[in-house]
Amino acid sequence: MFNPLEFQKDTIDDLNKSFLNLWKKDYKGKINEANFRDYIDSKEKDIEWWFKNGDYGKEYYALKYWKTSEKVYRLFFPDWIIKFKDGRIGIFDTKAGDTALPEKCKDKAKALSIKLKSFGKDYVGGIAVFENGIWYYNDVEEYDYSPNKLNNDWKKFEDLFKK
């Protein structure tokens, strides 16, 4: 089993701050995720490492959530785990277009918000979107999203780097 803690530092540097840099060939969110990866790679003075989470399998981080439309529990695999240099851990799921709409991800957003709060103050995260040239994230339980009309629940990702 892969253990990211066994990697050598120069190996990590070769992977652009990622412990594991596995990219599937093609999938719907690939461009959005590549843009987010480039963004967090540009923040090397603030980010110790990042991990691109998988979509399935027990070796990846998942959390259980209630999928309201199907009335069943499902597993949710957030896209990104980030270790900030100040010690915080971030867990984010990048969305774009219709995948960010409440009917597609409000249940996942709620589960992630609740889980992050249960972990304590050193954990941040939520649903992340790219709007008008800026990355934003939403960490509230009552998730809402309207393209190009972000409400006050959306925070600039850049603010995570201000101290």
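The numbers here are math on the coordinates, done by the rules we state, and not lab data. Owing to the predicted nature of the structure, the values given are computational and were not obtained by experimental measurement. Neighbour counts run over all protein chains shown; Cβ positions are idealised from the backbone, glycine included.
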Original post:
From the cross-link list Lys43/Lys83; Lys83/Lys162; Lys83/Lys117; Lys30/Lys108; Lys104/Lys149; Lys30/Lys110, which pairs have alpha carbons spaced over 21 Å apart?
Top reply: Lys30/Lys110
Original post:
Which of the peptides 83-94, 143-154 is most tightly packed, and how do the rest follow, judged by the mean count of other Cβ atoms within 10 Å per residue?
Top reply: 83-94, 143-154
